[in-house]
1. What is the antiparallel percent of DSSP beta bridges lying wholly in the chain, to the nearest 5?
2. Of the peptides 442-452, 215-225, how do they stack up when ordered by the mean number of other Cβ atoms within 10 Å, highest first?
3. How fast does region 245-297 diffuse by Stokes-Einstein, in µm²/s, taking the Kirkwood radius from C-alpha pairs at 4 °C and 1.567 mPa s?
4. Give the peptides 23-36, 466-479 in descending order of average Cβ contacts within 10 Å, highest first.
5. With axes computed from alpha carbons, what is the tilt in degrees of helix 314-327 against the longest principal axis of the chain, rounded to the nearest 10 within 0 to 90?
6. Mind putting a number on the dipole of the chain about its Cα centre? Charges go on the C-beta only, +1 for Lys and Arg and -1 for Asp and Glu, and I need it in Debye to the nearest 20.
7. In terms of modelled amide H atoms, which long-range or inter-chain residues lie less than 5 Å from the amide H of Val373?
8. Report relative contact order for region 345-444 in percent, whole number only (criteria: Cα-Cα under 8 Å, sequence separation at least 6).
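Values in this text are rule-based calculations from the coordinates and carry no lab data. Only a predicted model underlies this, so the values are computations on that prediction, with no experimental measurement involved. Cβ coordinates were reconstructed from backbone atoms using ideal geometry, including for glycine residues, and neighbour counts include every protein chain displayed.
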Amino acid sequence: MGDQPSRWWKSAVVYQVYPRSFCDASGDGVGDLEGIRRHLDHLAWLGVDAMWLSPFYPSPMADFGYDVADHCDVDPLFGTIEEFDALVAQAHALGIKVLVDFVPNHTSDQHPWFVSARSSRDSPRRGWYWWRDDRPDEAGGSGPPGSEGRLPNNWRSAFAGAGRSSLPPAWTWDERTGQWYLHQFLAEQPDLNWGNPEVAEAMAEVLRFWMRRGVDGFRVDAIHCLGKDPGLPDLPSHLEALPRSATNDHPSVHPVVGALRQVVDGWPEPPARMMVGEVFLPGAEQVVAYYGTPDAPELHLAFNFSPTFAPWDPVEWRRRVDEVETLMGAAHTWPTWFLSNHDRPRHRSRYGSDARARAAAVLLLTLRGTPFVYQGEELGLEDAPIPAGGRVDPGGRDGCRAPIPWDGSGGHGWAGGARPWLPWPPGAGGGRSVAAQRAEPFSMLHLYRRLIAARRSSPALSTGSFAWRPAPGGVLAWARRAGSDERFVAVNFADRPARVVLPAGTWAAEVGTGAGAGRGAATFGGAATFGGAATFEGAVDLAGDEALVLRPAGPTR
């Protein structure tokens, strides 16, 4: 793992870029790498430390890039490999590290590997994927060859698709070779067989390819799906209606993840590289297992999906934080937090108001762990309404992927005025654009900037300890501490005012979500202070759905 300073991901704020929706520089209505490069100044101004790029690889786009046809190139829709190199170089010049999506569980059915595998049962790549014969009669099979009565097992894939009331089988019949192939997602996404050492080495070389191009880390897609029971047994009846990708947690996955970790840790060029894994499993205890052990490390970070299912409720949030603090207190683990991403409804839409979205931003950026910010949440964007018949994503995730409005013009800063691939989110022509919020000191955008700057300037907020503090009903309060540096955070989940008792001493408002008494201000790093910094002793009064970060302004204990 290296020494503590090399663990840059522990103190980093990571910004997720969904390339199709970030900015279009070519004029075809789809975001691209050049559009990202032109707006790196936004990320630098915001203060993030790293950006994660969702897939930009050659793809038929059945799953909008997660069906990869070549892991080591750029789809012409997004640009060229030279434009990728220019993007990385400029990001690094601005002090922004670059993470790319690594999709190891499956390929596109148009990937040369799978084209070869399905060409013949004798293909040298046949064993790179999972193939099975019809289920025989004595094992419960019935019907003609290749019919659903002959499926190898009862596994279901992840996407229902239009017109289906249940998930389809995780198997597709290949007429040419007379066998079924496994896919935990779309039929166009056949699963790779990670029990084959040739697959493991080929995918390790993919990691090396991108590290040679200067990337600093990888977000690993569906990493828990890589290990499979080689017998591919039926699931018990209480699980058979669920997608297999939500329950697949076979012990064979852990040596695979450990081997990938060795590839990344073994890269000789500084700085240290990292992996953050998508472990979309229901229990946090299952997720933490993917960190491995001190002697056999696996992921550097694993995504914690729990907050994206949490209602705006202090009891539910405290339960989730307690779970993370209990399970991720070991030195080799470190939590992650995120509120929204390209697969989940935006938290502004889930929570129903700007005030709650602002308070949630305080949660995200002051809990112990690495925060991930999804593009547009710093603007308070809501999911875009998708008209009837307008859905294009097989999983129905279109609303949270709506394009980013950069200004109030007709094209919102996208080139050429072409109609974007998805509708604009609400407020794109008003106060939800980047330009409009840059001009408004108390906008959501400035709140995120103040929070990120406060986090960067405070060892307590970036990597310090976490402890709950007493708070009235409806409020959560906690302290962060690193050495002599301390911060006190309070979030009112209720829609009514609340008085929070403070630790002894005088406290100054560092960042707040309210507009009064200087609480929207920040006093750090020479940033402008709006209305002066409020100070408090004894207690602080919070409005409904208000959050406040305080720093010591005098002796404390």
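1. 60 percent
2. Result, highest mean first: 215-225, 442-452.
3. The calculation lands on 106 µm²/s.
4. Top of the packing list down: 23-36, 466-479.
5. That works out to roughly 70 degrees.
6. 1740 debye
7. Val14, Tyr15, Gln16
8. 27 percent
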